[in-house]
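The values are calculated or read from the model by the stated rules, or taken from the named source; none is laboratory data. In this text, all values refer to a predicted model and were calculated from it rather than measured experimentally. With ideal geometry, Cβ positions are generated from the backbone for all residues, glycine too; neighbour counts draw on all protein chains shown. We work out accessible area using only protein heavy atoms, side chains counted, and drop any ligands, DNA or RNA first. Shrake-Rupley method; radii C 1.70, N 1.55, O 1.52, S 1.80 Å.
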Amino acid sequence: MSETDAKPTKPAVLVVDDERHTREGLRRALEGDYAVTPAEDGTTAMRLLETETFDIVLADLRMPGMDGLQLIQRAQALPRPPLCIMVTAYGTVENAVEAMRRGAYDYLTKPVDLDRLELVLARALKSRRLENENVALRQQLDKRFGFENIIGQSPAMVEVLDTVRQVAQTRATVLIQGESGTGKELVAHAVHHLSPRCGSRFVAVHCAALSLNLLESELFGHEKGAFTGALERRIGRFEEADGGTIFLDEIGEIDPSVQVKILRVLGERQFERVGGSKTLSVDVRLVAATNKNLGELVKAGKFRDDLFYRLQVVTVTMPPLRDRSDDVVLLARSFLTEFARENNKAITEITPEAMNALLFYKWPGNVRELRTAIERAVVLARGDKITLQDLPPAIRAGTEAAREQGTLPPEQIAKGVLPLREVERQMFINALKACEGNRTEAAKRLGVSRRTLHRKIHEFNLEDL
Ligand SMILES: Nc1ncnc2c1ncn2[C@@H]1O[C@H](COP(=O)(O)OP(=O)(O)OP(=O)(O)O)[C@@H](O)[C@H]1O
Ligand SMILES: [Mg+2]
């Protein structure tokens, strides 16, 4: 990189004033540290703002044509609004206050004190930098919670993603069911981030973690003095999520008394804070998740049937990982890339034996368990590959047992994701079993000589069959 490349670009300042000597004065004062562009009126300034990017606008309040206030207001509507600082004559501070109300960042009085100018600009730039960082963070989050992160090409996952894409556009309540670790929370985020509500908040409440009273005030807020310990008014999560999405995780754990209130928010969009009499109204989209069978809970009288029916307008059922072996391969590779980068390790592959073990294992903890297993393996791996030895014993044990019994999943064989040697071994086991150990018969079926059969039996350790 050359030296000029390394130099940071100067912040861009647009100076708008109808008096030439003020424009020139400000330009001279700022030229050293800033890239200054002068404009003689509001209209010229707006044209510049629409075509170029400025960090800061220094605008005179009173100008013929479009005045400073109008300019600020229009500048706020730009896709990336600059920070506006008003310059105003003594005695018109009320106008400056009005300007702040319309979105100005700060104001300066005329004649402009240069030290103060420096200070105000420095502060404005700092705030602008933070704002930019926030935009970047937000984009990262969007990336993290959009579709790109949901890995899955198995038919069951493709169906889930199709449903999510469709319902995201609507206001419909979504119930996400599935075993632990199948990606319910990930899908809940995606519903929000793909919806027209993505500009507002996504508020997640983990219902199982809170006692009945706490949950109620968490969801609906409370007034000061509503109960012992309610020292201040508290805004509830439904209010926070206004315009956005609320995610009620583990909704099966909610007490029926709170279920009634949720039902009312869904139906009438109204509620009261705990200890409050004022009725508040919100526009919130509800996404709920559970790893319980809500239908069963309804039958057992633990979950209100009216709420259940409202919740299941759209039901998304997350398939367990053991039913989607295609995804195991994709997920494992993706987690490998992620953790190799995070741990600064040059691991790029999973050996066929290790992949085989991953395919064979039943994954009671689903994707979460796979993710943890790969993270652990990346940390343990010595070479540039993840081997069978790097996997947790429970995962290894399954394949070893399967190898002994010769029960490799036929669909894996058909897909060609198993090492050829493994498949060959399986064929010998099958043939020997089918012929009840009659070796002449087995050799005939396999189309090999008896000598070859013997060699293979020895090689694969199948003497007992
Ligand atoms: N399809 C997927 N693609 C990538 N990562 C996934 C996928 N599904 C789940 N994960 C990851 O697995 C972990 C568990 O997912 P998540 O928390 O969404 O599961 P959950 O169903 O809410 O589990 P629980 O019922 O235990 O709360 C997370 O780290 C998530 O990022
Ligand atoms: Mg969860």
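For segment 39-74, a tally of residues being open to solvent by less than 50 Å² (accessible area, probe 1.4 Å) and either in contact with a Ser or Thr (Cβ under 9 Å, 6 or more places away or on another chain) or not charged (D, E, K, R) (or both) returns 20. Only one entry in Thr88, Thr92 is at pLDDT below 75 and hydroxyl-bearing (Ser, Thr, Tyr), namely Thr92. I'm trying to understand the selection: among the residues of segment 165-182, which are of a type in the set (S, T, N, Q), more than 16 Å from ligand 2 (Cβ to nearest atom) and touching a helix residue (DSSP H, G or I) at 6+ places or on another chain (Cβ under 8 Å)? Of everything in segment 165-182, those that are of a type in the set (S, T, N, Q), more than 16 Å from ligand 2 (Cβ to nearest atom) and touching a helix residue (DSSP H, G or I) at 6+ places or on another chain (Cβ under 8 Å) turn out to be Gln169, Thr173.
All conditions but one from (1) under 20 Å from Gln153 (Cα atoms); (2) in contact with a Leu (Cβ under 7 Å, 6 or more places away or on another chain); (3) part of a helix (DSSP H, G or I); (4) within 12 Å of ligand 1 (Cβ to nearest atom) apply to Ala373; the one that does not is (1). The set of residues in segment 217-243 that are part of a helix (DSSP H, G or I) and open to solvent by 30 Å² or more (accessible area, probe 1.4 Å) comprises Glu218, Arg237, Glu239, Glu240.
Screening the candidates Arg20, Arg47, Arg62 for the property of being under 19 Å from Arg80 (Cβ atoms) and of a type outside the set (Asp, Glu) yields one hit, Arg47. List every residue pair whose Cβ atoms lie under 6 Å apart, where the two residues are 6 or more positions apart in sequence or sit on different chains, the first residue falls within segment 439-457 and is within 20 Å of Arg421 (Cβ to Cβ), and the second residue, located anywhere, is among the aromatic types (Phe, Trp, Tyr). Note: pairs meeting the criteria are Lys456/Phe428. You will find that of Ala300, Ala289, the residue that is closer than 30 Å to Leu359 by Cβ and among the aliphatic types (A, V, I, L, M) is Ala289 and no other. Mind telling me which of the residues Val205, Val112 ends up being in contact with a strand residue (DSSP E or B) (Cβ under 7 Å, 6 or more places away or on another chain), of a type outside the set (D, E, K, R) and modelled with pLDDT under 90? After applying the criteria, what remains is Val112.
Picking from residues in segment 170-200 that are in contact with a Ser or Thr (Cβ under 6 Å, 6 or more places away or on another chain) and at pLDDT below 95, the one that is nearest to ligand 1 (Cβ to nearest atom) is His192.
Please work out if Ala357 is at pLDDT 90 or above and either assigned to a helix (DSSP H, G or I) or open to solvent by 50 Å² or more (accessible area, probe 1.4 Å) (or both). Spelling it out, it is not the case that Ala357 is at pLDDT 90 or above and either assigned to a helix (DSSP H, G or I) or open to solvent by 50 Å² or more (accessible area, probe 1.4 Å) (or both). Is there a residue being open to solvent by less than 50 Å² (accessible area, probe 1.4 Å) and touching a Lys or Arg at 6+ places or on another chain (Cβ under 7 Å) anywhere in segment 286-298? Taking every residue of segment 286-298 in turn, at least one turns out to be open to solvent by less than 50 Å² (accessible area, probe 1.4 Å) and touching a Lys or Arg at 6+ places or on another chain (Cβ under 7 Å). Residue check: Val367 meets all listed conditions (1) surrounded by fewer than 16 Cβ atoms within 10 Å (Cβ to Cβ); (2) within 16 Å of ligand 2 (Cβ to nearest atom); (3) assigned to a helix (DSSP H, G or I) but one, namely (1).
Residue pairs whose Cβ atoms lie under 6 Å apart, separated by 6 or more positions or on different chains, with the first residue in segment 105-117 and on the phi < 0 side of the Ramachandran plot and the second open to solvent by less than 90 Å² (accessible area, probe 1.4 Å) and small (Gly, Ala, Ser), are Tyr105/Ala124; Tyr107/Ala96; Lys110/Ala89; Leu114/Ala29. For Phe247, the criteria (1) away from ligand 2 (no atom under 16 Å from the Cβ); (2) open to solvent by less than 50 Å² (accessible area, probe 1.4 Å) hold in every case but one, which is (1). For segment 312-329, a residue qualifies if it is closer than 29 Å to Val298 by Cβ and over 23 Å from the mean Cα position of the chain (by Cα), and the qualifying residues are Gln312, Val313, Arg322, Asp323. The residues of segment 299-320 that are open to solvent by 20 Å² or more (accessible area, probe 1.4 Å) and under 27 Å from Thr170 (Cα atoms), listed by number, are Arg304, Asp305, Asp306, Phe308, Tyr309, Arg310, Gln312, Val313, Val314, Thr315, Thr317, Pro320. Do you know which of the residues in segment 286-311 that are out of contact with any helix residue (DSSP H, G or I) (no Cβ under 8 Å at 6 or more places or on another chain) and farther than 24 Å from Gly181 by Cα is nearest to ligand 1 (Cβ to nearest atom)? Checked segment 286-311; the qualifying residue nearest to ligand 1 (Cβ to nearest atom) is Ala300. Just a yes or no: is a residue in segment 201-212 part of a helix (DSSP H, G or I), out of contact with any Cys (no Cβ under 8 Å at 6 or more places or on another chain) and open to solvent by less than 20 Å² (accessible area, probe 1.4 Å)? Looking through segment 201-212, at least one residue is part of a helix (DSSP H, G or I), out of contact with any Cys (no Cβ under 8 Å at 6 or more places or on another chain) and open to solvent by less than 20 Å² (accessible area, probe 1.4 Å). Within the bounds of segment 321-344, is there any residue that is open to solvent by 50 Å² or more (accessible area, probe 1.4 Å) and in a loop (DSSP other than H, G, I, E, B)? Taking every residue of segment 321-344 in turn, at least one turns out to be open to solvent by 50 Å² or more (accessible area, probe 1.4 Å) and in a loop (DSSP other than H, G, I, E, B). Which condition breaks for Leu161 when tested against (1) more than 11 Å from ligand 2 (Cβ to nearest atom); (2) touching a residue at least 40 places away in the same chain (Cβ under 8 Å); (3) part of a helix (DSSP H, G or I)? If we test Leu161 against (1) more than 11 Å from ligand 2 (Cβ to nearest atom); (2) touching a residue at least 40 places away in the same chain (Cβ under 8 Å); (3) part of a helix (DSSP H, G or I), just (2) comes out false.
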